[in-house]
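Here is the structure we will look at, set down as structure tokens.
The values are calculated or read from the model by the stated rules, or taken from the named source; none is laboratory data. Just so you know, these numbers come straight off a predicted model, no measurement behind them. Don't worry about glycine lacking a Cβ; one is built from the backbone with ideal geometry, like all the others, and counts go over all protein chains shown.
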Amino acid sequence: MKRYRINISKKGSVRDAIELLQGYKSRLNDACERFVNLLMDAGIRTAKANTGQYAGMITFEKRIEQSDVGCDGILIAMDKEKIIREWYTDKQRTHKRSYEVSPLLLAEFGSGFLAKVLDDVEGVGQGTMPKQKHAFDANGWYWYDETGEKHHSFGEAPTYPMHAAGLAMQFEIEEIGRKVFSNV
């Protein structure tokens, strides 16, 4: 960080000091925005690398909004599309089930026995979907596809894209901060 020296004993030096501080304020605001932008880029790169099989179904974007104290950054993840999961509960294919599923929620939280939530978030986690029968079943469950073929599943393991994004931003905050603010 640069140091500035202001001599207020000379005529016009107060005006010069004001101009110097206004220039510094402008550079600092620009640096804050650049800092938030680079930090969110690191988060998005990491989130994209942690979407697993749902890579093409989830989008990430950032929004930067000016505020009284600089700027706020918002990292957003959204489903491009929903997944329609259909299966039969019996070999004769008479009892069909269908659910609309969010790829983002599957990537972040998983499903079934493999859904292990990192933090204790109330109302989210293994067995929280209505009418869950096998979420805690260590043996998993069986289902029949459209052709009548039997499949076994334990659920889907989460890949935690947004959690990983948060960790990446925490990990890189110092390095990015030094890079951006060293010449302000």
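For the reader, a short list of remarks on this structure follows.
- Residue list for the stretch 82-99, filter: part of a loop (DSSP other than H, G, I, E, B) and in contact with a Gly (Cβ under 9 Å, 6 or more places away or on another chain): LYS91, GLN92, ARG93
- Members of the stretch 87-123 found to be of a type in the set (Asp, Glu) and modelled with pLDDT of 80 or more, listed by number: GLU100, GLU108
- Every listed requirement among (1) at pLDDT 95 or above; (2) surrounded by 14 or more Cβ atoms within 10 Å (Cβ to Cβ); (3) assigned to a strand (DSSP E or B) is met by CYS71 save one, (1).
- Filter result for ILE76 (more than 15 Å from THR51 (Cβ to Cβ) and either among the aliphatic types (A, V, I, L, M) or surrounded by 14 or more Cβ atoms within 10 Å (Cβ to Cβ) (or both)): no
- Residue within the stretch 78-91 that is within 30 Å of GLY177 (Cβ to Cβ) and not polar (S, T, N, Q) present: yes
- Extreme residue, farthest from ALA115 (Cα to Cα), among residues of the stretch 126-178 that are among the charged types (D, E, K, R) and in a helix (DSSP H, G or I): ARG178
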